[in-house]
Structure formats: structure tokens, C-alpha cells
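Working notes, structure below.
Just so it is clear, none of the values below were taken in a lab; they were calculated from the coordinates. All values reported here derive from a predicted model rather than from experimental measurement. FYI the Cβ positions are ideal-geometry reconstructions off the backbone, even for glycines, and counts take in every protein chain you see.
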Amino acid sequence: MNKSGILVIGLVVLIAFVGIYVGYKMIDKPERLKIFNPTDINPKLVSPDVKDIYAHHKIRGFKLVSQLGDTITQKQFDGKIYVTDFFFTTCPSICPKMSTQMVRVQEAFKDDDKVMILSHTVFPEIDSVPVLAAYAEEYGVEANKWLLVTGDKKEIYDLARKSYFAIIDEGGNGDEHDFIHTENFVLIDPNKRIRGFYDGTSLEDVNRLIKEIKILKQEFP
């Protein structure tokens with residue numbers, strides 16, 4: 001074989017090797033969840049004063065009280081992946097279904113200290129610390145994994161409308177006449193960014209949530 005033939009063969013082998021390598025990298029590339037900003041979300045879910053934010057949206061700071069009577073802030077979630085929702089203990093419709101599904105999330109990550117759950121009452125005037133503690137006992141909530149929180153109503157409602165985008169915004173101001181009700185679970189990463197929305201009453205959607213928490217854990221090992 002002459003020199004030019006050898007060069008051609010070498011070039012073909014090199015191209016094939018590069019193609020295989022690139023293909024492998026594409027196949028091997030880990031799945032990555034979307035980062036949600038206000039402009040990515042149904043406008044009906046977004047408070048008007050943040051609806052034009054297209055990048056760098058993060059969950060704002062908060063100060064609430066858990067079922068144990070402890071003060072809860074963003075600090076408890078530093079470096080954590082967490083799932084959040086909004087409920088109330090006397091809800092006869094969607095909340096029992098949501099809490100049952102959230103128990104599944106708790107059990108799926110029972111031994112994983114990097115995954116937490118944060119449930120806000122939307123009825124803080126009724127859901128006191130003792131009431132939340134009783135509800136937690138009823139559902140087998142583990143306090144080191146799942147925090148049920150109460151506190152200032154306006155702060156909780158602002159979090160729902162302006163941070164988590166968990167509910168249809170109807171212009172309420174968190175006063176005694178304002179009331180929200182939603183089945184949404186929201187997935188938050190360790191950088192306080194929204195990474196997913198799920199129907200907390202749906203077995204299939206909560207299966208997807210559990211799967212996507214595992215995907216997110218690969219991004220934040």
C-alpha cells in the first residue's frame with residue numbers, strides 16, 4: 001500500500017474515532033432539569049410585580065415557625081434540594097391526597113439528608129403549632145425531613161405568589177379575606193431556583209417528581 005493510501009485509512013480511522021467519541025458523550029450526557037424563571041411560567045401563576053423577570057429568579061428569604069415551634073428560615077435549606085407545597089389541616093378535598101403523596105416523597109428519600117420537604121399552611125389563623133404537630137403525627141411526618149410551617153399570612157401568601165408561583169394569582173394581599181388553594185408541588189434546588197412543578201394529587205406526577213429529584217441530585221452531588 002502506498003503512502004497516500006495509508007494516510008486515507010488513517011484519516012478514516014480518526015474520523016470514525018471522533019464520531020464514536022462525540023456520540024458517546026452525547027449519549028452519556030446526564031439529563032438536566034429546566035431552571036424556571038417568571039417569564040417561563042403561565043402568567044396567571046405569576047404576581048404582576050415579578051412577571052417580567054427572565055433570569056436569576058430565586059426563592060426569597062422567609063421566617064416562619066415549624067410544627068415543633070422552631071423558627072424556620074432559608075438557612076435550614078442551605079445546600080438542600082427541597083419540595084414545597086401549600087395546604088391547610090382542615091381541608092377536606094385535595095390536601096389529604098397531597099399529604100399522602102408527600103409521604104411517598106418522604107419515604108423515597110428517608111435516609112437522604114440532602115432532600116427536604118417544606119409545607120406551608122394557607123390558614124395560619126387556625127393552623128397553630130399544636131395543630132400542625134397533631135397533623136404531622138397523623139401522617140407520620142419526620143421533623144428532620146419534613147417541616148410544616150405557619151406564620152404571618154401575608155408572608156406565606158407572598159411566597160406562594162412571588163417566589164414559588166404555586167397558585168393562580170388573583171391579586172390578593174394576604175389579608176383576612178384572601179385565600180389560596182393549590183395542588184402544586186414545587187421542586188427547589190440548592191441554589192434556591194425552581195426546577196419543576198407537579199400535581200400533588202397525582203400518583204403519576206409524584207412518580208415523576210421522585211425521578212426528577214434523583215436527576216437533580218446528580219447535578220448537586
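Quick notes
- Shown for His57, His181: other C-beta atoms within 10 Å of each C-beta, ranked fewest to most, produce the order His181, His57.
- Two-site FRET efficiency, Arg208 against Asp158, from Cβ-Cβ distance with R₀ of 30 Å, rounded to 0.05: 0.60
- Shape call, the range 28-103: gyration tensor on alpha carbons, a/c limit 1.5: rounded
- Computing FRET efficiency as 1/(1 + (r/R0)^6) for Ala55 and Gln218, where r is the C-beta to C-beta distance and R0 is 35 Å, gives about 0.90.
- For Phe86, the amide hydrogen comes within under 5 Å of the amide hydrogens of His120, counting only partners 5 or more places away or on other chains and with H modelled in the peptide plane.
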